[in-house]
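Just below is one structure, and these are the notes that go with it.
The values are calculated or read from the model by the stated rules, or taken from the named source; none is laboratory data. Just so it is clear, the structure is predicted and the values come from calculations on it, not from any experiment. Heads up, the Cβs are rebuilt from the backbone with ideal geometry, glycines too, and the neighbour counts pull from every protein chain shown. These accessible areas exclude ligands, DNA and RNA; they are computed on the full protein's heavy atoms, side chains included. Shrake-Rupley method; radii C 1.70, N 1.55, O 1.52, S 1.80 Å.
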Amino acid sequence: MTELKGIEILTIEKDSFVIHPTIIWDDKQTLLIDTGMPGYMEDINLIMAKANKSLEDLTAILLTHQDIDHIGSLPDILTACTQHLTIYAHKEDIPYIEGNLPLLKANPAKFTEKQWEALPDSLKFIYLHPPKAQVTDSLEDGQLLAINEGLEIIHTPGHTPGHISIFHKKSNTLIAGDALVAVNGKLQLPNPVHTPDMDLAIQSIKKFLKYPIKQVVCYHGGIVSDNVIEQLQDLAKSKTV
Ligand SMILES: [Zn+2]
């Protein structure tokens, strides 16, 4: 009998944009981490076949944070799925995800007229009609989810106030969300343009140092498995200017 390891890093390439959601499962539960841009539901469904799964198998979705490329297809998935889905997010990002506060970044009011005009119409439409959905379970730093021998929630603010990363104990995998970015197999700090509090983002990276991490999954850039601890130690020493 083949035993699956129960974690699969997905790659979705669409409109020259590449993202890496993750699914983690065991006998009872199947968790999807992050949902892509609006309009990505079918792509997610198709790529889940890599793990012999489909959207119908999902029991829960975890959002690492409120950004539109992470929450985008959640409303469509909730509409399409007939089963009950637990939706997890950190308490500090929940009001944005549920539409009670405007999204911190995809907010038309924060654009200059020139920046706004430069956006493609499809993005303008999304920013004017941001995705929103109810979160069922709010997460806190240090919380454990009993899925596939345990996921530990690490609150990693900076990129957004309620950003979380996830440590999967069994595979020593850190699912970093946007707390880190990977470029050509190297870990980097999150993009300052999209990270309102870089000092806090660096403090958050320091939190990773206590975990025996063997590989890091960056939503932008994919898997990094070479000298991960050294790379994290170097990044944790970064200074903002
Ligand atoms: Zn983000």
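What the table below lists for this structure:
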quantity: Segment Ile223-Lys169, extension gain: residue separation times 0.36 nm, minus the distance between their alpha carbons; calculated: 17.8 nm
quantity: Accessible area (Å², 1.4 Å probe, nearest 10) - Thr59; calculated: 40
quantity: Whole-angstrom gap from region 56-92 to region 171-241, using each part's C-alpha centre; calculated: 24
quantity: For region 7-236, Kirkwood radius (reciprocal of mean inverse C-alpha pair distance, Å); calculated: 17.7
quantity: Full-extension gain in nm, Lys28 to Lys50, via 0.36 nm per residue minus C-alpha separation; calculated: 6.1 nm
quantity: Mean Cα-pair separation over length for the chain, i.e. relative contact order, pairs under 8 Å, 6 or more apart, %; calculated: 16
quantity: Heavy atoms of Phe125: accessible area, 1.4 Å probe, square angstrom to 10; calculated: 120
quantity: Calculated [θ] (222 nm, deg cm²/dmol) that DSSP helices of n ≥ 4 give over the chain, each run adding -39,500 (n - 2.57); calculated: -5500 deg cm²/dmol
quantity: Sequence of Asp226, Asp15, Asp178 when ordered by accessible area, the most exposed leading, probe 1.4 angstrom; calculated: Asp15, Asp226, Asp178
quantity: GluC sites (Glu not before Pro) lying in DSSP loop within region 1-40, provided at most 12 other Cβ fall within 10 Å; calculated: Glu3
quantity: Solvent-accessible area of Leu101 with every protein chain in place, 1.4 Å probe, in Å² to the nearest 10; calculated: 80
quantity: Accessible area per residue, Å², the chain with all protein chains present, probe 1.4 Å; calculated: 49
quantity: Percent accessible area from carbon and sulfur atoms, region 75-123, protein chains only, probe 1.4 Å; calculated: 54
quantity: For Thr22, distant residues with modelled amide H under 5 Å away; calculated: Leu10, Ile33
quantity: Loop-located GluC sites (Glu not before Pro) in region 103-203 whose Cβ has at most 14 other Cβ within 10 Å (DSSP); calculated: Glu140, Glu149
quantity: With at most 16 neighbouring Cβ atoms within 10 Å, loop trypsin sites (Lys or Arg not before Pro) (DSSP) excluded, longest segment of the chain; calculated: 29-90
quantity: Ranked order, Val18, Val193 - accessible area, probe 1.4 Å, largest first; calculated: Val193, Val18
